[in-house]
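The values are calculated or read from the model by the stated rules, or taken from the named source; none is laboratory data. Treat the numbers as computed from the prediction; the structure is a model and nothing was measured. FYI the Cβ positions are ideal-geometry reconstructions off the backbone, even for glycines, and counts take in every protein chain you see. Surface areas here come from the heavy atoms of the whole protein model, side chains and all, with no ligands, DNA or RNA. Shrake-Rupley method; radii C 1.70, N 1.55, O 1.52, S 1.80 Å.
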Amino acid sequence: MARAQASKLLDQLLGHNRDGEDKQVLDFMDIAVCRPFLFGICPNEMFLNTKMDMGECLKMHNIAFKAEFEKRSEQEDYGFEEEVLNYLQEIIRDVDQKIKQAKDALEEQEESAEAEQKAQKIHYLAAQIGEKIALAESLGSDGQVEECLKIMQEVEDIKLEKQTVDEEYRGIAPVSSQQAQKLRVCEVCSAYLSLYDNDRRLADHFGGKLHLGFVNVREKMKELEEVSCLLFCCEAPANRWLCVCM
């Protein structure tokens, strides 16, 4: 396994014909090159060993080709954006469908409107705590101690607010709801989160490989949608009235 990983890294840096073997010399235009990788994102690689594992990418990841593409694409449109955008949209459509199905199933849990509102607020604050703890840990690892401490102070403030809302929820929610896990679905990656998840569990989720992978996919998809809109709508006068990105 270690040897295979080392070989893959060398292929990225030096190319598949690094050993002087009689192989066809490729460039970034070749169909064997991973198009999403050229844009800095390969879902196969990001979701490896997660519940969304798509298997190892069978296409070539070559850092030199990526750098060449980034340089040359500033002067010429190779039309890769639409291909990669369609691929990312397909992935997001699939996970969004899972999110909808999970949310529909959870809606069967009956609760008063006020209690449900409080529960949603608790989930929102818990998400803020998890995201900020994950961010603080990343900043701490990078040596940004002051920023890390600042974020952790924000976490403490949110915890106090969450505690207040949690007490209000317990005062109006049925005992059966309080004893249940009270799940909700992550709007980004479709994972289930509990109203009673502790800080460590929240940080592990929001700083985890699966969640961050879908964050990256959604951000890249939005970026490419904006590029696609500019190319199709804004640069063609006849299509400008269709533009939704301005």
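Tabulated results
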quantity	calculated
Residue that is touching a Phe, Trp or Tyr at 6+ places or on another chain (Cβ under 9 Å), open to solvent by 60 Å² or more (accessible area, probe 1.4 Å) and of a type in the set (D, E, K, R), where the choices are Glu107, Glu131, Glu137	Glu131
Contacts under 9 angstrom Cβ, first residue in the range 81-94 being open to solvent by 80 Å² or more (accessible area, probe 1.4 Å), partner among the small types (Gly, Ala, Ser), 6 or more apart	Glu82/Ser228
Identity of the residue in the range 53-68, part of a helix (DSSP H, G or I) and out of contact with any Asp or Glu (no Cβ under 9 Å at 6 or more places or on another chain), that ends up most open to solvent (accessible area, probe 1.4 Å)	Ile63
Qualifying residues in the range 27-48 (those that are closer than 19 Å to Glu74 by Cβ and among the aromatic types (Phe, Trp, Tyr)) - the one surrounded by the fewest Cβ atoms within 10 Å (Cβ to Cβ)	Phe39
Residue count, the range 180-204 (criterion: open to solvent by less than 20 Å² (accessible area, probe 1.4 Å) and assigned to a helix (DSSP H, G or I))	2
Meets criteria (open to solvent by 80 Å² or more (accessible area, probe 1.4 Å) and assigned to a helix (DSSP H, G or I)) for Glu114	yes
Matching residues in the range 71-80 - criterion: being surrounded by 12 or more Cβ atoms within 10 Å (Cβ to Cβ) and either among the polar types (S, T, N, Q) or more than 28 Å from Cys189 (Cβ to Cβ) (or both)	Arg72, Ser73, Tyr78
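Residue by residue, here is whether (1) of a type outside the set (A, V, I, L, M, F, W, C); (2) modelled with pLDDT under 95 holds:
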| position | (1), (2) |
| --- | --- |
| Pro36 | yes, no |
| Glu56 | yes, yes |
| Arg72 | yes, yes |
| Glu76 | yes, yes |
| Ile92 | no, no |
| Ala102 | no, yes |
